[in-house]
Amino acid sequence: MWGKGILNGMRITMRNMLRGPITVRYPYERVTLPERARWAVEVVRDESGAHKCTACMTCVRACPDHILDLQFTTAEDKSKHIDYLRYEMGACMMCGLCVEACPFDALKMGQDYELAKLTRDELTVDLLVDVAAAAPARAKKASEVPAGGTDDSRGGGTDG
Amino acid sequence: MTEPHFTVTESGLMTPEGMYIPGEPPKGIRRIPKGVDRLGTEHLIVNMGPQHPSTHGVLHLIVELDGEEVVTVEVSIGFLHRGIEKLAESRRFDHLGTLMDRGDYVSVIHGEQAVALAVEKLMEIEVPAKAAWIRTLTAELTRLASHLVWFGTFGLDTGAMGQFLYAMRDREVLLDILEEISGQRMMFNYVRPGGVVADLPTGIESRILSFCDTFEVYLEEHDALLGGNEIFQARVKGIGVVSKETALAFGLTGANLRASGLGFDVRRDRPYDAYPELEFDIPIGTIGDSWDRYTVRMEEMRQSLRMIRQLVGGMPGGPFTAKVPKVLRPPAGEVYASVESSRGETGIHLFTDGGTTPYRMHYRAASLFTCQLFEEILPGHLFADACMLLGSFDIMLGEVDR
């Protein structure tokens, strides 16, 4: 019978009407992001506010879009002093390659998804500014890693 | 009645001033009506796109109309060109996925998978079983998400508005699952040469299975709501027939080829990752009209569901990535690897010179081949059917222009 499919479609539409809403009423309700959600890059800081960056430039080289900018000066005693670690959030595609590359776990992908800014300038974020000493993490890691060479591969994880 | 500006002769055009332009006007720059109809009225040139909502991106069609009927079509592409192939020459091999994500941005895992397979072939990396299964699982989830976008927009193109909302409802759950696995909703950057970035999160299996259970019901509802509708059937049946010969001549792949009755599927004919171990059928159409393309894609979604169940049920243990060097340096050479993406065969042709970046990367995008078909298929159809036909072929301008 011609029209049977249309009537069946109306029945399905009525059934869907009774299924209730599925939308999240943002900003009255918020979604919970999964653990791995990748948003803007942030610097990992411990309770005392200390960071782990050693100015090794790995993240700057890893970034496919060249949006990380790290400037440092080397003092007379060969210690590195970070002038700034600048991050162009507006150009970031949040791929997480800088975080994966960081050998000192100094960076992480944030979970804040409300990243809108009023001006373009605010999209350029200085993650680190004028940090006097950028080496303690390196010394700490050197003391942690047992002697016997470095792990040269990305490593295969195992399940569970 | 207005006088026609141009007179078409056997060998060229005659302008009203009496100037003779021999030969066919060069393709792509013709903006003058080619012919006149029986009444002596000029044909109308309509620029469809590049901001037309039903061109599914920034496709520009220069359509010559005789009343409501399409006479000729010129496909004008390149509005979304970002130079992905050139950019790839300055990207490390494990970073190519971020570029491929921006190619076909609705079925992104397939692009990443193609790059990863190419690099693995070149470096002879053996992918652990678990990595291959996770990749296949995410690829099938992505195929479902991508086909849902096609299904929703195909509904829009044929005038069924509600369809789109139901499709997006189901896709939302899929994107949530993929976000939980990879960390993002669209640009996953999850598949790398050697495996995947991270293991499946705990508890995701039950979420995927519960999605499968609900979606199985919803999929039949979708099919009944759109495919069962007689108005829809009247609009798509017998429209836009692509014969086997045409499909082969234009290099169609994927569901568009299978709708024409040719059963080529990269997953079965050049198996990769976990597909050799899976049971699935390849749906094949009969005459290659829009209805066949619809039924083939709907059946593909059912087969994807079947595969996802097998993948979750038989997920092997072991490492999720092979031991690969931090900086990949494949030997100098040439390799081609392809996967079955939602739109057809997505292939990566890599040339390497022994460095850390490709010497040249060619991206075989299935939609580019489909796009060229429009000049052949659209003429003779009504203009209203042109929109529907664009929807039935499921093109993705991100990978056409790349």
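Some observations on this one:
- Of the criteria (1) of a type in the set (S, T, Y); (2) surrounded by fewer than 24 Cβ atoms within 10 Å (Cβ to Cβ); (3) more than 24 Å from the chain's Cα centre (by Cα), which one B:T286 fails: (3)
- Between B:G313, B:G344, the distinction of being under 17 Å from B:Y272 (Cβ atoms) and out of contact with any strand residue (DSSP E or B) (no Cβ under 6 Å at 6 or more places or on another chain) belongs to B:G344 only.
- Qualifying residue in segment B:333-340 (condition: surrounded by 15 or more Cβ atoms within 10 Å (Cβ to Cβ), closer than 16 Å to B:G57 by Cβ and away from chain A (no Cβ under 14 Å)): no
- Complete set of residues in segment B:314-326 that are more than 7 Å from every other protein chain (Cβ to nearest Cβ) and exposed (fewer than 13 other Cβ atoms within 10 Å of the Cβ): B:G314
- Output for segment B:95-119, where each listed residue is touching a Gly at 6+ places or on another chain (Cβ under 8 Å) and within 14 Å of chain A (Cβ to nearest Cβ): B:G97, B:M100, B:D101, B:R102, B:G103, B:Y105, B:G111, B:E112, B:V115, B:A116
- Exactly one residue out of A:R36, A:R120, A:R86, A:R45 is within 13 Å of chain B (Cβ to nearest Cβ) and among the charged types (D, E, K, R): that is A:R36.
- Only a single criterion out of (1) within 14 Å of chain A (Cβ to nearest Cβ); (2) under 20 Å from B:G83 (Cβ atoms); (3) of a type in the set (D, E, K, R) is not satisfied by B:R402, namely (1).
- Residue within segment A:32-41 that is in contact with a Leu (Cβ under 9 Å, 6 or more places away or on another chain) and assigned to a loop (DSSP other than H, G, I, E, B) present: yes
- Out of B:T352, B:T356, B:T370, sole residue that is under 18 Å from the mean Cα position of the chain (by Cα) and either over 26 Å from B:E300 (Cβ atoms) or crowded, with 24+ Cβ neighbours inside 10 Å (or both): B:T370
- When B:D292, B:D273 are checked against the criterion of being modelled with pLDDT of 90 or more, buried (at least 20 other Cβ atoms within 10 Å of the Cβ) and away from chain A (no Cβ under 14 Å), B:D292 stands alone in meeting it.
- Segment A:4-22: number of residues that are open to solvent by less than 50 Å² (accessible area, probe 1.4 Å) and either more than 9 Å from chain B (Cβ to nearest Cβ) or within 11 Å of B:G228 (Cβ to Cβ) (or both): 6
- All positions within segment B:40-82 that are over 18 Å from B:Q372 (Cα atoms), open to solvent by less than 50 Å² (accessible area, probe 1.4 Å) and touching a residue at least 60 places away in the same chain (Cβ under 8 Å): B:V46, B:L65
- Residue count for segment B:96-119, restricted to those that are within 18 Å of B:R329 (Cα to Cα) and open to solvent by 10 Å² or more (accessible area, probe 1.4 Å): 1.
- Filter result (over 20 Å from B:G78 (Cα atoms) and hydroxyl-bearing (S, T, Y)) within segment B:345-382: B:T352, B:T356, B:T357, B:Y359
Table: residues versus (1) facing chain A (nearest Cβ under 10 Å); (2) without any contact (Cβ under 8 Å) to a residue 24 or more places away in the chain.
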site	(1), (2)
B:Q163	yes, no
B:E172	yes, yes
B:I181	yes, no
B:Q184	yes, yes
B:M187	yes, no
B:G194	yes, no
B:E205	no, no
B:I208	no, no
B:C212	no, no
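- Failed item, numbered, when A:E29 is tested on (1) part of a loop (DSSP other than H, G, I, E, B); (2) free of Cβ contacts under 8 Å to residues at least 40 places away in the same chain; (3) facing chain B (nearest Cβ under 9 Å): (3)
- Of all residues in segment B:128-153, those that are away from every other protein chain (no Cβ under 14 Å) and open to solvent by 10 Å² or more (accessible area, probe 1.4 Å) total 2.
- Hey, A:L128 more than 14 Å from chain B (Cβ to nearest Cβ), buried (at least 16 other Cβ atoms within 10 Å of the Cβ) and at pLDDT below 85 or not: yes
- Any chance A:D105 is loosely packed, with under 13 Cβ neighbours inside 10 Å, modelled with pLDDT of 85 or more and in a loop (DSSP other than H, G, I, E, B): yes
- Strands (runs of 3 or more DSSP E) (entirely within segment B:254-364) containing at least 1 residues that are of a type in the set (V, I, T): B:333-341, B:344-352
The values are calculated or read from the model by the stated rules, or taken from the named source; none is laboratory data. Just so it is clear, the model here is predicted, and its values are computed rather than measured. Quick reminder, even Gly has a Cβ in these numbers, built from the backbone with ideal geometry, and neighbours come from all protein chains shown. Keep in mind that these areas ignore ligands, DNA and RNA; they rest on the heavy atoms of the full protein, side chains included. Shrake-Rupley method; radii C 1.70, N 1.55, O 1.52, S 1.80 Å.
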